[in-house]
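Okay, so here's the structure we're looking at.
The values are calculated or read from the model by the stated rules, or taken from the named source; none is laboratory data. The model shown is predicted, which means the values in this text are computed figures rather than measured ones. FYI the Cβ positions are ideal-geometry reconstructions off the backbone, even for glycines, and counts take in every protein chain you see. Heavy atoms of the whole protein, side chains included, go into the accessibility calculation; ligands, DNA and RNA do not. Shrake-Rupley method; radii C 1.70, N 1.55, O 1.52, S 1.80 Å.
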Amino acid sequence: MLKTLWATVREGKIELLESEELPEGTKVLVTLLPDDETEFWLQTSQTSLSSVWDNAEDDVYAELL
């Protein structure tokens, strides 16, 4: 199961913001977030929104107006 943990970088080391026991050798995936997280989440969610709203199947609803 995947689990997301928040962390910051201090003096070149990743420090978890919450206590979590990680066994030695645990593989992790690090995603860098820009300082302005609002812009990051807007861009990230736009991809999902576009796939939901921009589709030919929904064009029938535009004809109802």
Inset, instruction - Among the residues of the stretch 10-24, write down those that are under 19 Å from the mean Cα position of the chain (by Cα) and either open to solvent by 100 Å² or more (accessible area, probe 1.4 Å) or hydroxyl-bearing (Ser, Thr, Tyr) (or both). - result: 14, 17
Inset, instruction - Any residue in the stretch 2-21 that's modelled with pLDDT under 90: show its pairings with residues that are among the β-branched types (Val, Ile, Thr) and open to solvent by 100 Å² or more (accessible area, probe 1.4 Å) at Cβ separation under 6 Å, as long as the two are six or more apart or on different chains. - result: none
Inset, instruction - Would you mention how many residues in the stretch 25-62 are within 22 Å of residue 6 (Cβ to Cβ), assigned to a helix (DSSP H, G or I), open to solvent by less than 90 Å² (accessible area, probe 1.4 Å) and of a type outside the set (Ser, Thr, Tyr)? - result: 3
Inset, instruction - Among residues belonging to the stretch 22-40 that are among the hydrophobic types (A, V, I, L, M, F, W, C) and at pLDDT 80 or above, point out the one that is farthest from residue 9 (Cα to Cα). - result: 22
